[in-house]
Amino acid sequence: MEKGIKEIRRSGNIMFFNYLKIVWSLSISQFFIYRLTSVFVCFFGVLFTAIEVITLFVLYHYTDSINGWDFYSFLTLSATYTLISYIYQFFFTLSHEKLIDKIVEGDLDYDLVRPIDSQLINSIKQLDIPSLINIVIAIVLLCFSVPHVLTGHIFGIVMYILFVLMGVYFYYLVNQFFINFAFWIERPYQIAAIPEYLLDIASRPRNVYPPILHILFVWVFPILLSTNLPAEILRGDISVVTLVYYLLFIILFSFLVRIQWKQALKKYQSAN
């Protein structure tokens, strides 16, 4: 019995990795088919990042610190924000956009009968190749700023990478949570745009916000921690209580989103 279960799990893993290879191949093909669109996406992504960096240079021309954040600390936070948002965009954003349409139009039938988990397969259907440019730019900015803010040793870098990945996962959960409402709401597109506004809030240091917003976005719904914690880890400005709370919140939120997805499938209405 146990041997049979292991064989099923192994075949499922092999199937999923083969599926990822297909997704990668199709995404590359689509990138070259729509080359002009991809170039424009890359251009505007680079432009927005450049504007953010120039804005920081202008701000810090008049001051050395903003609530304890010097130029290099703020640049590290901005680069972390860019890195998290574009890693999410690379893996999930196109798939999430398609998922909303499929829910509304009742086109989930084939995904529900496949041997791969329906939530997983609808989370990674197409990769956004142009986002790789912005990921590289964010890494370059981090290579420039991190040596000026890093107070620990290699362990701080490892912790930073782990919490960046957790930030990506948290942002995925936030998007999935709001997209799931499409099963109940006829026009969910405005609700699905909420995570983008939430992540914009997280592009600034959490201590620049007034107390009520700090409580709301740190202790009630910790979107600010998704970007601030990695930068604070590099600065050596961390709280064990905050770290533990953030981890527990992500675990509980994962269960919530999973339960929500299963309940939402009961509301699904096929076009057929």
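The values are calculated or read from the model by the stated rules, or taken from the named source; none is laboratory data. Predicted model only: the values in this text are computed from it and were never measured. Don't worry about glycine lacking a Cβ; one is built from the backbone with ideal geometry, like all the others, and counts go over all protein chains shown. Note: areas computed on protein heavy atoms with side chains; ligands, DNA, RNA excluded. Shrake-Rupley method; radii C 1.70, N 1.55, O 1.52, S 1.80 Å.
Any idea which of Asp128, Asp111, Asp117 is touching a Ser or Thr at 6+ places or on another chain (Cβ under 7 Å) and over 25 Å from Pro230 (Cβ atoms)?
Working: Asp128 fails: over 25 Å from Pro230 (Cβ atoms); Asp117 fails: touching a Ser or Thr at 6+ places or on another chain (Cβ under 7 Å).
Within the list Asp128, Asp111, Asp117, the selection yields Asp111.
Looking only at segment 69-118, which residues are open to solvent by 30 Å² or more (accessible area, probe 1.4 Å) and hydroxyl-bearing (Ser, Thr, Tyr)? Passing the criteria: Tyr72, Tyr81, Tyr86, Tyr110. Tell me whether segment 37-58 contains one or more residues that are surrounded by fewer than 19 Cβ atoms within 10 Å (Cβ to Cβ) and either in contact with a strand residue (DSSP E or B) (Cβ under 9 Å, 6 or more places away or on another chain) or among the small types (Gly, Ala, Ser) (or both). Checked segment 37-58: at least one residue is surrounded by fewer than 19 Cβ atoms within 10 Å (Cβ to Cβ) and either in contact with a strand residue (DSSP E or B) (Cβ under 9 Å, 6 or more places away or on another chain) or among the small types (Gly, Ala, Ser) (or both). The set of residues in segment 175-232 being polar (S, T, N, Q) and within 23 Å of Ser254 (Cβ to Cβ) consists of Asn175, Gln176, Asn180, Ser226, Thr227, Asn228.
Of the set (1) more than 25 Å from Val208 (Cα to Cα); (2) part of a helix (DSSP H, G or I); (3) of a type in the set (A, V, I, L, M), all apply to Ala50 but (1).
Counted as qualifying within segment 186-266 are the helices (runs of 4 or more DSSP H) with 1 or more residues that are surrounded by fewer than 17 Cβ atoms within 10 Å (Cβ to Cβ) and modelled with pLDDT under 90, namely 189-192, 194-201.
Highlighted here are the helices (runs of 4 or more DSSP H) found entirely within segment 82-176 that include at least 2 residues which are small (Gly, Ala, Ser) and at pLDDT 90 or above: 131-149.
Answer with yes or no whether Ile191 is of a type in the set (Val, Ile, Thr), more than 14 Å from the chain's Cα centre (by Cα) and within 24 Å of Ile66 (Cβ to Cβ).
Working: of a type in the set (Val, Ile, Thr): yes; more than 14 Å from the chain's Cα centre (by Cα): yes; within 24 Å of Ile66 (Cβ to Cβ): no.
Spelling it out, it is not the case that Ile191 is of a type in the set (Val, Ile, Thr), more than 14 Å from the chain's Cα centre (by Cα) and within 24 Å of Ile66 (Cβ to Cβ).
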